[in-house]
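Report on the structure given below.
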Amino acid sequence: MKQVTILFFATLRDMTGERRIMKMIPDDMLIAGLKDVLIEEFPRLKDIINSVIVSMNHEFAFNDAPIPSDAEIALFPPVSGG
Amino acid sequence: MQGGNELDTGLTREEFLRYSRHLLIPEVGLEGQKKLKNSSALIVGTGGLGSPVALYLAAAGVGKIGIVDFDVVDQSNLQRQVIHGSTTIGVSKVYSARGRMLDLNPDIQVNTYNEPFSSENALRIAKNYDIIIDGTDNFPARYLTNDVCVFLGLPNVYGSVFRFDGQVSVFYAKEGPCYRCLFPEPPPPGLIPTCADGGVLGILPGTIGTIQATETIKMLLGIGSTLVGRLLLYNALDMTFDYVRLKKNPACRICGANPDISELIDYDEFCGAPGHALSDENLEEMWLISPHELFKKLSANEDFLLLDVREPHELEISSIKGAKQIPLGQLASRINELDKNQEIVLFCKTGNRSRRALELLTSMGLNKVKHLQGGINAWALNIDPSIPVY
């Protein structure tokens, strides 16, 4: 198991009621797996999770990206206003 | 003698004076200013983002600027769309904007396209420009702008805003990722509120738009480190700037290894909803109620639940007596507060959110539901002039 930090931004803070959480995850977990874990904990993320921007250590992370120890993972919602 | 007032340096005497502060910067200088004069940029949307972009590109002397918008200036625009003014309320935005741009700089050319940017006209319009600035306000238009830029090989200077949050990047498929690399699929329709429904801090598109204008100028001049391959995320409330390094998505459907999108598509269909306010045209009458019908129903003391799905702070602006209040975002989790057998009339500000609420409730098995056409604003205009339209 390893520890990661997850940061929520903008409207995702309203949806989860959190700004920052720490989580223990299995060593072989990928970003896609982490998304499933987050949906379970925060059901309101279910519909939006595939549209959020996932950044891991300040780099855009695709679903198949492995997660290093102590990773900082930030989630940003898409916005469309202009 | 050169013709007119043009000196053999490529700028007129007036232009030397006008651009004096640019000519003093080594990274711009005379060469750079001539580059700008011979450059062209297309701004899609002349709203909150398009306003500062158009003003600053005009002031900077970008020689040919195109502006696309189908809307007219409304009072509710002026809190942030600073290119327009009280005197141009009711005027087409592109003409309102052109007037201000040419006042600021009569030496440039401003082309107006008073029409929606669509799959039918987008390539024809965009192919005449060096760079495209995305100042649109909805997902379908953003995918369209992206795809047009990928097909034409043009940089797409992207910006978007909501409440206190802004995003900026330069999507340039030749050198980095495109919008679809980041957002392969649009969010489910209605999940992300528009600024018309959720609001936006007036200055926010000013900040984001001026960054877009800055990136445009740098791209045209070929100077500095641009936002190609980086996404800037700005939060005005916390005053934070975060960067995310971006990568091209090898599986991107338009700029990846095996693209399957080779022409413009129907973007409203792709996003599952039209870019602009949901139309009630395709909605059967049984789901609709007009302000007059609602007034009759209330006057007759009929048994039904009037349900306001706006946010609590909107109640301070206007309300309809006797309405229960559950914000749209909480409706799914508070469904047990509703009686399946009772008739429900939903309303919001203009009918967008109540339409979403209608879809949500019917999908959850509540069938005696209607939504108020035009929302409480229509109620204010037709029934109760004592409350404001906002």
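A short reminder: the numbers here are calculations on the coordinates, not readings from a lab. All figures in this text were calculated on a predicted structure; none of them were measured in a lab. Glycine gets a Cβ as well: all are built from the backbone with ideal geometry, and neighbour counts include every protein chain shown.
Listing for the model above:
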read-out: All lysines inside 23 Å of B:Lys34 as judged from Cα atoms, apart from same-chain residues fewer than 8 positions distant; value: B:Lys64, B:Lys127, B:Lys218
read-out: Most fluctuating residue given options B:Tyr19, B:Tyr56, B:Tyr113, as computed from a GNM of chain B linking Cα atoms under 10 Å; value: B:Tyr19
read-out: Electrostatic dipole magnitude of chain A [Cβ: Lys, Arg +1; Asp, Glu -1; Cα centre; debye, to 20]; value: 280 debye
read-out: Order of B:Glu115, B:Glu311 - criterion: other Cβ atoms within 10 Å of each residue's Cβ, fewest first; value: B:Glu115, B:Glu311
read-out: Coil-residue GluC sites (Glu not before Pro) of segment B:281-313, DSSP, other Cβ within 10 Å capped at 13; value: B:Glu281, B:Glu284, B:Glu302
read-out: For B:Thr194, B:Thr112, order by how many other beta-carbon atoms lie within 10 Å, fewest first; value: B:Thr112, B:Thr194
read-out: Theoretical ellipticity at 222 nm over chain B - DSSP helices of four or more residues, -39500 (n - 2.57) apiece, nearest 500; value: -8500 deg cm²/dmol
read-out: Sum of -39500 (n - 2.57) over DSSP H runs of 4+, divided by residues of chain A (222 nm, nearest 500); value: -5500 deg cm²/dmol
read-out: Per DSSP, loop trypsin sites (Lys or Arg not before Pro) in segment B:320-360 with at most 10 further Cβ within 10 Å; value: B:Lys321
read-out: Cα principal axis extents for segment A:2-76, largest first, Å; value: 28, 23, 20
read-out: Of the DSSP H helices in chain B, those whose Cα atoms cover at least 24 Å axially and whose Kyte score averages -0.5 or more; value: B:204-221
read-out: For chain A, share of DSSP beta bridges that run antiparallel, in % to the nearest 5; value: 75 percent
